[in-house]
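Visitor: Questions regarding the structure given below will be posed in turn.
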Amino acid sequence: MQRILYKIIILSVMLAIYSCGDNDARKELAEIQNETIDDRIFVSKAQFERSEMTLGIIEEKSFPVTVKTSGMIDVPPENRAVVNATMGGYIKTTPLLIGDKVRKGQALVTIENPEFVGIQQEYMEVNEQLRYLKSEFERQNTMRAENITSQKSFLQAESSYKTAMARYNGLRKQLQMLNISPASVEAGNIRSVVTIYAPITGSITKVNVTRGTYVSPATAILEIIDNDHIHLELSVFEKDIMNLKKGQRIDFKIPESSSETYKAEVHLIGTAIEENRTIKVHGHLEDESGANFLTGMFVEADIVTESAFAKALPETAIVAFEESFVVLKLDESTNDGYFFKQVEVKVGSSYEGDTALTSLDNLTATDKVLTSGAFNLVADE
């Protein structure tokens, strides 16, 4: 604003003088111009304090060398479960919705099938036969020891007993897989409806059935995910993989939901190259409870491979101006305020609020620059 006022005054004086054609006046104009034009920016002490401006100097900072990658939030295989039916049947009840939390062992759905009745009936029959066959086998074994019975009769009794025992154990195992108590069946309780229970604690993420749907053993009825332990699953291009090693820091963001940067570290590096020429990198989060992460979230990550030192200034000290970058260097300090000069700089990467300077042609290590409030002053120019 000061420059504009100066230019308006000078232009007015020039028009007046040139219209008169006075050589002495022209000389006087040149002297006024030299004395009046001051391209520095003045900030009074009151304005400096009111705007909470600060001064600082160039400092040496550590800037990480990173490998940029992307991936997603995921969970280990043991924290993800797909619920299936051991045998086919029709869904009788399905009270849960997506998002519901369940505990391990909690009832999820019930399935009805007449075949369940047949298995229980056969189990009861074999169980009753087994008592007789066991008794006959023991009797034949005793008689053989006393040479009262033939070897053939003993072998027939043994074969019948062991065959029945195999059927008994097989049917018993089927009942247990169907979550039907063999003891309850032996007591005469036969049912056509079985219950499927949650194999893990977690949240329902998929419900693929409704009441009355027929499901086979291959049908995925529900999906449960336990988000208590989550990790990063990143895809790193083949050209960068040689720079990675276990334990390196990972800075990542969830661009769709937050601008905050979170921390993780490289835990595992894949040993096989995918079809798109990338390698999987598994990262563990430093604080899994620090945010409400959900499985499947897209992440952008920087894997820190090494660090390099560079001269730097705070990001707030550097202003983009007319296709270049400038800082305000303190040129003079008076009782009334401060005079700043615009100095062009060349910048590099930024990290944690600091920006590296790639050239110090117009600055020295002892120069003071305006580190807070520079943007508004440059914009007013």
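The values are calculated or read from the model by the stated rules, or taken from the named source; none is laboratory data. Owing to the predicted nature of the structure, the values given are computational and were not obtained by experimental measurement. All Cβ positions, even for glycine, are placed from backbone atoms using ideal geometry, and neighbour counts span all protein chains on display. Just the protein is used for accessible areas: all its heavy atoms, side chains included, with ligands, DNA and RNA removed. Shrake-Rupley method; radii C 1.70, N 1.55, O 1.52, S 1.80 Å.
Visitor: Just one of V83, V75 is farther than 29 Å from Y262 by Cβ and either surrounded by 15 or more Cβ atoms within 10 Å (Cβ to Cβ) or hydrophobic (A, V, I, L, M, F, W, C) (or both); which is it? Reasoning before the result, please.
Guide: Numbers: V75 fails: farther than 29 Å from Y262 by Cβ.
Only one candidate passes the filter, namely V83.
Visitor: Being under 29 Å from T54 (Cβ atoms) and in contact (Cβ under 8 Å) with a residue 12 or more places away in the chain: is that true of G373 here?
Guide: Numbers: under 29 Å from T54 (Cβ atoms): yes; in contact (Cβ under 8 Å) with a residue 12 or more places away in the chain: yes.
Yes, satisfied.
Visitor: Still on this structure, I have one more. Looking at E352, E315, E322, E306, which one is surrounded by fewer than 12 Cβ atoms within 10 Å (Cβ to Cβ), of a type in the set (D, E) and closer than 23 Å to E52 by Cβ?
Guide: E352
Visitor: Can you tell me which residue in segment 294-303 is most open to solvent (accessible area, probe 1.4 Å), limited to those that are hydrophobic (A, V, I, L, M, F, W, C) and at pLDDT 90 or above? Spell out how you get there, then give the answer.
Guide: Taking segment 294-303 and keeping what is hydrophobic (A, V, I, L, M, F, W, C), we get 294, 297-299, 301, 303.
Checking which are at pLDDT 90 or above leaves us with 297-299, 301, 303.
Values: M297: 44, F298: 94, V299: 0, A301: 3, I303: 0 Å².
Going through the qualifying residues, I end up with F298.
Visitor: Out of segment 246-279, which residues are loosely packed, with under 12 Cβ neighbours inside 10 Å and touching a residue at least 40 places away in the same chain (Cβ under 8 Å)?
Guide: Those that are loosely packed, with under 12 Cβ neighbours inside 10 Å and touching a residue at least 40 places away in the same chain (Cβ under 8 Å): E256, N276, R277.
Visitor: Based on what the data block shows, is I111 closer than 19 Å to I190 by Cβ and either part of a helix (DSSP H, G or I) or open to solvent by less than 80 Å² (accessible area, probe 1.4 Å) (or both)? Quick ask: steps written out before the conclusion?
Guide: Details: closer than 19 Å to I190 by Cβ: yes; either part of a helix (DSSP H, G or I) or open to solvent by less than 80 Å² (accessible area, probe 1.4 Å) (or both): yes.
When the stated conditions are applied, I111 passes them.
Visitor: Looking only at residues that are of a type in the set (V, I, T) and within 21 Å of N79 (Cβ to Cβ) in segment 94-108, which one is least open to solvent (accessible area, probe 1.4 Å)? Outline the logic, then answer.
Guide: Filtering segment 94-108 down to residues of a type in the set (V, I, T) leaves 94, 98, 102.
After this cut, where a residue has to be within 21 Å of N79 (Cβ to Cβ) as well, the list is 98, 102.
Values: I98: 114, V102: 4 Å².
Within segment 94-108, the match that is least open to solvent (accessible area, probe 1.4 Å) is V102.
Visitor: Under 9 Å by Cβ, and 6 or more places apart or on different chains, what pairs join a residue from segment 175-199 that is on the phi > 0 side of the Ramachandran plot and open to solvent by 80 Å² or more (accessible area, probe 1.4 Å) with one that is part of a loop (DSSP other than H, G, I, E, B) and acidic (D, E)?
Guide: none
Visitor: Next question, about the same structure. Output the residue which, of all residues in segment 211-225 that are more than 15 Å from E112 (Cα to Cα) and crowded, with 17+ Cβ neighbours inside 10 Å, is nearest to the chain's Cα centre (by Cα).
Guide: Among residues in segment 211-225 that are more than 15 Å from E112 (Cα to Cα) and crowded, with 17+ Cβ neighbours inside 10 Å, the one nearest to the chain's Cα centre (by Cα) is I225.
Visitor: Kindly establish whether M177 is out of contact with any Ser or Thr (no Cβ under 8 Å at 6 or more places or on another chain) and aliphatic (A, V, I, L, M). So that I can check it myself, show each step before the final result.
Guide: Working: out of contact with any Ser or Thr (no Cβ under 8 Å at 6 or more places or on another chain): no; aliphatic (A, V, I, L, M): yes.
Spelling it out, it is not the case that M177 is out of contact with any Ser or Thr (no Cβ under 8 Å at 6 or more places or on another chain) and aliphatic (A, V, I, L, M).
Visitor: Go through segment 282-353 and tell me which strands (runs of 3 or more DSSP E), entirely inside it, have 3 or more residues that are touching a residue at least 12 places away in the same chain (Cβ under 8 Å) and either touching an Asp or Glu at 6+ places or on another chain (Cβ under 6 Å) or farther than 28 Å from T69 by Cβ (or both).
Guide: Details: elements: 298-314, 319-321, 324-333, 337-351.
Here the list reads 298-314, 324-333, 337-351.
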